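J.: Here you go, one structure.
Coordinate-derived values only; no laboratory data. Because the structure is a prediction, the values reported are computed rather than measured. Because the Cβ atoms are built from the backbone with ideal geometry, glycine has one as well, and the counts that use them run over all protein chains shown.
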Amino acid sequence: MRALDFLMISSPSCATNYNFLVDFIVKKCYNLIMTQSINIQNNYIYSFQEALDANYFLSDEQKKQVMLFCYFHKNDFPIQMHSHEFYEINIIAEGTGRHYIENNSYPITSGDFFIIPPNVRHGYSEKNALDIFHIILSDKFFLRYRDELRSMHGFSLLFNIEPRLRAKSNLKIFPNISANDFMFFLSEIGKLYKLNQSTENMHETEKCIKTLNLICEFSGIVTSNKYGAAEHSSIDIRQITKVLSYIDNNYNCKITLNDLCRLSNMSRSTLLSQFHTLCNCSPTEYIQSVRIDNAKKMLADTDFSIATIAQECGFYDSSHFTRTFFQKTRLLPKDYRTPPRVNNEP
C-alpha cells in the first residue's frame, strides 16, 4: 500500500490532509506547465486579424468592418500562456478556475470580470465547468469611441490600472458581480453574442453600443466601494488607486510628489511606502512607465515626430524621452516603429 493511501484511510483528518496534499501537488504541477509554456510562447504575439481569422470565415470587405467580436470558451482547458496585441474583456459566465497573468495567478468564479491589455502574458485553467466570455476589441474600436471611453469614470482603472496591479502586485481587486445582478449581465452578453453570430448582417454599430454599455457598467462597478479586498489592510487601496488614476489621466503634465501627497491626503513617507507595497515601484517609476506605454502606442499608431511624442507624453524634451525610452526598452524610439513610418510633419 502506498503511504498516501494509508494516510487517507487511517483517519478522517489524514484523509483531509491527503486531499489537500493532492490538490497542492496538482497546482504545483500545473504552475510548472504554465511556467514552461511562458518560455515556449512568449516570443509570439497574436494580432487582432489572426484572432479574427481563427474564429470566423469572412471576406476581406467584411474584415474591414469588424471592430470587435466575441465568443464563449469552454470545454477546452487549460489555455496556455500567451499574449496578443489587442485588449480583451473577460467575463466568467459559469464555473470556477484559475487565471494566470505574468508570474501571478488568481482563482476565478462566475461573476468575475477583468481586462487583459496588449502584450501581457496570461492563461487559464479549469476547476469546475469553466465558461469564459471573451470580447476582443480592435484598435478601430478605441479610435472610433475614444472620447466616449475617456469620459467614463473608472475606465482607466478598469483597462489600465487594475490589470497592472494584477500582473505585478499579486493583488486581486477585480470585482465579482453578485448572482442577482449577474443575471442582467448574462442577458446582455447573450444579446451581444447573438448579434455576433448573425450571418445576415455584421451589426457592428449594435455590437459596439452594447459593448460600450458593458464597459460603462463595469467601469462604475470597479470604482465602487465593493472592490479592494482587505487582504492588504495596511494599505489604503482607494487612495492609492486615486493616485494611479490621476497619473493615468495627467501623465502628459508635470506631476510632483507633493501633488500626489495632497491628492491622497498622505504624508510623503506613507505614500511612498504604501505605493511601493502595492505597485512594486515608486510613484516616479510608475509615471515613467505610463509615459513610456503611451509613447509606444503613439509610435505604433501615429506618424508624429519624436519631438511631438515626447511633448505629448510629458517628457522634458526629445533627448530626455529618447534616453528614458532606451533605458526601459533597450531600443531607440525610431527603431521601435515597425514598419518604419514616413514623417509627414515639417
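J.: What is the distance, in nm, between label points placed 7 Å from the Cα along the Cα-to-Cβ direction at Gln65 and at Phe326?
T.: 4.9
J.: How high is the FRET efficiency between Lys140 and Asp317 when r is their beta carbon distance and R₀ equals 25 Å, given to the nearest 0.05?
T.: 0.15
J.: Under the √(5λ) rule applied to the eigenvalues of the Cα gyration tensor, what semi-axes describe the equivalent ellipsoid of region 128-265? Give them in Å, descending.
T.: 31, 20, 12
J.: Rounded, prolate or oblate: which fits region 39-101 when a ≥ b ≥ c are the square roots of the eigenvalues of the alpha-carbon gyration tensor, with rounded for a/c under 1.5 and prolate only if a/b beats b/c?
T.: oblate
J.: Right, next: For region 185-334, what does the alpha-carbon gyration tensor say about shape, rounded, prolate or oblate, given a ≥ b ≥ c as the root eigenvalues, a/c under 1.5 as rounded, and a/b over b/c as prolate?
T.: oblate
J.: Student exercise: in region 121-228, how many lysine pairs 8 or more apart or on different chains have Cα atoms under 12 Å apart?
T.: 4
J.: Gain in length, Lys334 to Leu257, computed as 0.36 nm per residue apart minus the alpha-carbon separation, to one decimal in nm?
T.: 24.6 nm
J.: So, one more: Using a Förster distance of 56 angstrom, determine the FRET efficiency expected from the C-beta separation of Ser305 and Asn128, and round it to 0.05.
T.: Using R0 = 56 Å, I get an efficiency of 0.55.
J.: I've got another one for you. If I stretch the segment between Asn55 and Glu200 completely, what's the gain in nm (0.36 nm per residue apart, minus their alpha carbon distance), one decimal?
T.: Working it through step by step, the gained length comes to 50.5 nm.
J.: So, R0 is 30 Å and r is the distance between the beta-carbons of Asp76 and Glu148; what FRET efficiency does that work out to, to 0.05?
T.: Computed FRET efficiency for Asp76 and Glu148: 0.30.
J.: How far, in nm, would the chain grow between Asn119 and Ala179 when pulled straight, counting 0.36 nm per residue and subtracting the alpha carbon separation?
T.: Here the segment from Asn119 to Ala179 would lengthen by 18.4 nm.
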